[in-house]
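Heads up: the structure comes next, in structure tokens.
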Amino acid sequence: MKPGRRAFVVALGAMCAAPNALSQGQAASRKRRIAHIGLPNDAFFDAIRNRLAERGFNADVAELRAFTLRPRSPTETPEDRIAEVLAWQPDVIMVGNMTSVRVAKSATSTTPVVFANLQDPDTSGVVATLAKPGGNITGAAVRYNDLFLKRLELVRELSPKVRRVLVISDSRNGGIPAASQREMREAAQQLGIGVTEVLTSDVNDDWCAWAPAVAEARADAILTWGNMNPPAAFPASTPWGSRGYGECLKRLQQESRIPVFDDSLDTVALGAVLALGEDQHESYRRATDIVVRILRGARPAEIPVDLSMRAQLFINRRAAREIGLQVPQTLLLRADRIVD
């Protein structure tokens with residue numbers, strides 16, 4: 001080929017490639033969008049943002065925006081709010097409780113949804129299997145039933161005279177799955193403990209005022225099950241998370257003078273006697289790692305659910321003393337953190 005002919009072919013090839021290169025450049029210039037179902041001032045938002053930056057998706061290349069599904073008026077529904085999320089056209093939606101997962105799942109089958117801090121997503125029908133979630137949903141989860149049964153054993157260890165426990169679950173998140181109920185009752189029976197279950201709907205959605213329910217059940221200990229949504233009257237602009245939730249548990253424990261055994265470690269610093277679970281911030285960091293994989297091209301259906309949590313035991317010895325409990329030394333020696 002003559003030199004002039006070769007130069008012409010090279011130039012023509014460059015001209016043909018230019019539109020495609022421009023298109024890719026335009027696509028690359030658009031920030032990736034991550035919608036977080038929560039509040040911009042909650043600690044989980046910061047955990048996600050910091051993890052994204054650690055993985056190369058800082059504010060220059062990714063936009064993290066908080067949304068809430070809490071209705072702004074009596075006529076509004078969570079389904080109305082999720083429509084606002086989808087209108088923003090996020091690349092990924094992050095959620096942190098069963099209600100948000102279900103609303104997102106019913107609203108879209110294409111936009112990737114990544115959950116954090118979710119209990120047993122396979123048995124609840126969120127994913128097909130843990131290894132192969134299928135669909136557009138995956139995330140970071142915990143084997144919650146195993147943790148709950150361990151908390152039940154800790155109840156007996158802390159209070160050997162316990163005869164009955166009150167288990168609080170949120171009806172808006174589906175309550176306690178039937179299979180888990182059976183295992184819970186069998187384990188409690190082996191420990192010689194009776195179980196009374198109460199749903200938020202049984203106390204008009206104001207589970208911050210459950211002392212009467214505790215008294216009626218004649219319970220010796222209180223255990224929570226799964227994610228808890230805020231009471232209907234809780235201000236929409238106020239962070240719920242561990243703080244609002246923890247304040248409710250503290251109030252319940254003080255009014256009933258019955259120890260609370262929770263699954264959120266943060267609530268122990270606020271006054272709950274004991275918690276066994278994962279640091280929820282770490283759960284969001286694990287979930288964010290999955291978000292990064294999706295932003296880099298992985299399909300949610302093929303990303304296994306992350307179960308690599310590390311359970312920790314937190315004890316508030318001061319709160320125990322305030323309601324007349326003495327924490328055994330054997331239990332204190334196993335604690336990852338003690339609040340005095």
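From the list Arg65, Arg51, the one residue that fits, being touching a Lys or Arg at 6+ places or on another chain (Cβ under 9 Å), farther than 22 Å from Gly226 by Cα and surrounded by 14 or more Cβ atoms within 10 Å (Cβ to Cβ), is Arg51.
The condition of being surrounded by 14 or more Cβ atoms within 10 Å (Cβ to Cβ), of a type in the set (A, V, I, L, M) and part of a loop (DSSP other than H, G, I, E, B) does not hold for Leu86.
Do we have any residue at all in region 36-43 that's touching a Phe, Trp or Tyr at 6+ places or on another chain (Cβ under 8 Å), at pLDDT 75 or above, hydrophobic (A, V, I, L, M, F, W, C) and not in a helix (DSSP H, G or I)? Yes - at least one qualifying residue is present in region 36-43. Checking each residue in region 171-182 for being in a helix (DSSP H, G or I) and either crowded, with 16+ Cβ neighbours inside 10 Å or among the hydrophobic types (A, V, I, L, M, F, W, C) (or both) picks out Arg172, Asn173, Ala178, Ala179, Ser180, Gln181. Has region 119-134 got any residue that is of a type in the set (Asp, Glu) and in a helix (DSSP H, G or I)? Scanning region 119-134 turns up no residue that is of a type in the set (Asp, Glu) and in a helix (DSSP H, G or I).
Conditions (1) under 19 Å from the mean Cα position of the chain (by Cα); (2) of a type in the set (Ser, Thr, Tyr); (3) buried (at least 20 other Cβ atoms within 10 Å of the Cβ); (4) assigned by TED's automatic domain parsing to the domain that holds Ala219, marked per residue:
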{"position": "Ala104", "(1), (2), (3), (4)": "yes, no, yes, no"}
{"position": "Ser109", "(1), (2), (3), (4)": "no, yes, no, no"}
{"position": "Gln119", "(1), (2), (3), (4)": "yes, no, yes, no"}
{"position": "Gly125", "(1), (2), (3), (4)": "yes, no, no, no"}
{"position": "Lys132", "(1), (2), (3), (4)": "no, no, no, no"}
{"position": "Asn136", "(1), (2), (3), (4)": "yes, no, yes, no"}
{"position": "Ser159", "(1), (2), (3), (4)": "no, yes, yes, yes"}
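Entry remark, region 135-159: residues being in a strand (DSSP E or B), among the β-branched types (Val, Ile, Thr) and modelled with pLDDT of 90 or more number 2 in total.
Looking across region 154-196 at every residue that is in contact (Cβ under 8 Å) with a residue 40 or more places away in the chain and among the β-branched types (Val, Ile, Thr), the one that is farthest from Asn316 (Cα to Cα) is identified as Ile176. For Val327, the test of being surrounded by 15 or more Cβ atoms within 10 Å (Cβ to Cβ) and closer than 30 Å to Ser109 by Cβ is failed. The set of residues in region 146-157 that are under 25 Å from Val126 (Cβ atoms) and crowded, with 21+ Cβ neighbours inside 10 Å comprises Phe148, Arg151, Leu152. When region 117-127 is examined, which residues are found to be of a type outside the set (S, T, N, Q) and at pLDDT below 95? Across region 117-127, the qualifying residues are Leu118, Asp120, Pro121, Asp122, Gly125, Val126. Closer than 19 Å to Arg299 by Cα and assigned by TED's automatic domain parsing to the domain that holds Asp122: does that describe Ala83? Spelling it out, it is not the case that Ala83 is closer than 19 Å to Arg299 by Cα and assigned by TED's automatic domain parsing to the domain that holds Asp122.
The values are calculated or read from the model by the stated rules, or taken from the named source; none is laboratory data. Here the structure is a predicted model, which is why all the values come from computation and not from measurement. Counting neighbours? That spans all protein chains shown, and the Cβs are built from the backbone with ideal geometry, glycine included.
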